[in-house]
Amino acid sequence: MINDKALVLDLKQPEDSKRLLSHLPILTSQNAAWKHVFLAHYQTSAHECPEHYYSHHLLWLNLNQTDFPLQLKSRLGGRFGNYPISNGSIGIIPANIQNWVAWDKNAEFLILTLCPEFVKQISHELLDDNEIELIAQVAITDSLIKHIMLALKADIESEYSMGNIYAESLAATLTVHLLKHYSARKLHLQSDTEGLSSYRLRQAIEYIQAHLEENIKLSEIATAVGMSQYYFIRFFKQSMGMTPYNYVIAERLERAKQMLQRQDMSLGEISSRCGFSDQSHLTRYFKRKFGITPQAMRNSNQINNLASANGKCLELLPRKNFGKIASSF
């Protein structure tokens, strides 16, 4: 039963960060358009948090690089424990579980919150059960959770260059992982199939092509084809050999490559028309895929077009003049 005196916290709210930790995080996803997931990066001194519980499911990841683990005291849902916390240690705190925690030295950690309604939605889609119960964990190791949290942190640091579909895909993958490994009722996924039907695959591709210049949301594509987000990701990858996110990036790059043929469009305009946040975002992905910057490819296209035009002109000249003119290039 929740203590009426315990703080009710939503760490997306700056004032709640101050109530819990006495200061604000050094980095957050506050300005992102992420709908179901929130991430914050904290650096704190030794601290004791007051009794509290969270309105969202919460995960933390310790980033301390010291040789000696910090000592964490925790009373979570009435269970007290003293835990050595080293780099990579993870905690899972379900929503509405009363919590008290303290640590004995400087700490650096990430906090991720998941919307309970989002977890219920995926649970209902996969289990036909929206009352699934997550089980609290302290000081565990889980490479997938760690990877997802660090990937979201990197996206914040790059000013959300990966787009909504990237964060939504990670949130869906994380939620399914929690339901599969850290819930009272274990999730058993459907066995693999051959992927999406040709009709649904065509629907998905047509939707992506029609919205390529927008900040496409995974939830919107999944809704368009009438599937849950998780199964859409999984079956799309089986059909196309890549995730929806990677497909969107590949199609944006191909569109940009074609637009570089047009001399009336700036690189900034091409970036916007292809769904990239800015020119540097386009350049980074373009060079990674093609081994050349967009400007260098545009210059190369101009040279090739000029050479082609000159070749056609040379074909029209008398043969006696060919060698003299060709030597001037």
Output the number of residues of region 93-112 satisfying the condition of being within 17 Å of HIS177 (Cβ to Cβ) and either surrounded by 22 or more Cβ atoms within 10 Å (Cβ to Cβ) or not aliphatic (A, V, I, L, M) (or both). 3
Only one of these is surrounded by fewer than 20 Cβ atoms within 10 Å (Cβ to Cβ) and in the same structural domain as ALA171 (by TED's automatic domain parsing): LEU39, LEU11, LEU59, LEU27. Name it. LEU27
Wholly within region 95-201, which strands (runs of 3 or more DSSP E) include no fewer than the required count, namely at least 2 residues that are aliphatic (A, V, I, L, M), touching a Leu at 6+ places or on another chain (Cβ under 9 Å) and more than 25 Å from LYS12 (Cβ to Cβ)? none
Looking only at residues that are in contact (Cβ under 8 Å) with a residue 40 or more places away in the chain and of a type in the set (Lys, Arg) in region 259-308, which one is surrounded by the most Cβ atoms within 10 Å (Cβ to Cβ)? ARG273
Out of curiosity, is LEU189 touching a residue at least 40 places away in the same chain (Cβ under 8 Å) and more than 25 Å from TRP34 (Cα to Cα)? yes
Take the residues in region 90-130 that are among the small types (Gly, Ala, Ser) and within 21 Å of the chain's Cα centre (by Cα), then tell me which one is nearest to ALA171 (Cα to Cα). SER123
Output for region 78-94, where each listed residue is over 20 Å from GLU51 (Cβ atoms) and not in a strand (DSSP E or B): SER86, ASN87, GLY88, SER89
In this structure, is SER74 over 22 Å from the mean Cα position of the chain (by Cα), part of a helix (DSSP H, G or I) and among the hydroxyl-bearing types (Ser, Thr, Tyr)? no
Taking region 211-231 only, how many residues are assigned to a helix (DSSP H, G or I) and within 18 Å of the chain's Cα centre (by Cα)? 8
For region 157-173, enumerate the residues that are over 21 Å from HIS188 (Cα atoms), surrounded by 14 or more Cβ atoms within 10 Å (Cβ to Cβ) and either in contact with a strand residue (DSSP E or B) (Cβ under 6 Å, 6 or more places away or on another chain) or not β-branched (Val, Ile, Thr) (or both). TYR160, SER161, MET162, GLY163, ASN164, TYR166, ALA167, GLU168
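The values are calculated or read from the model by the stated rules, or taken from the named source; none is laboratory data. In this text the structure is predicted, and so the values were computed from the model without any measurement. Every residue, glycine among them, receives a Cβ derived from its backbone with ideal geometry; neighbour counts consider all protein chains shown.
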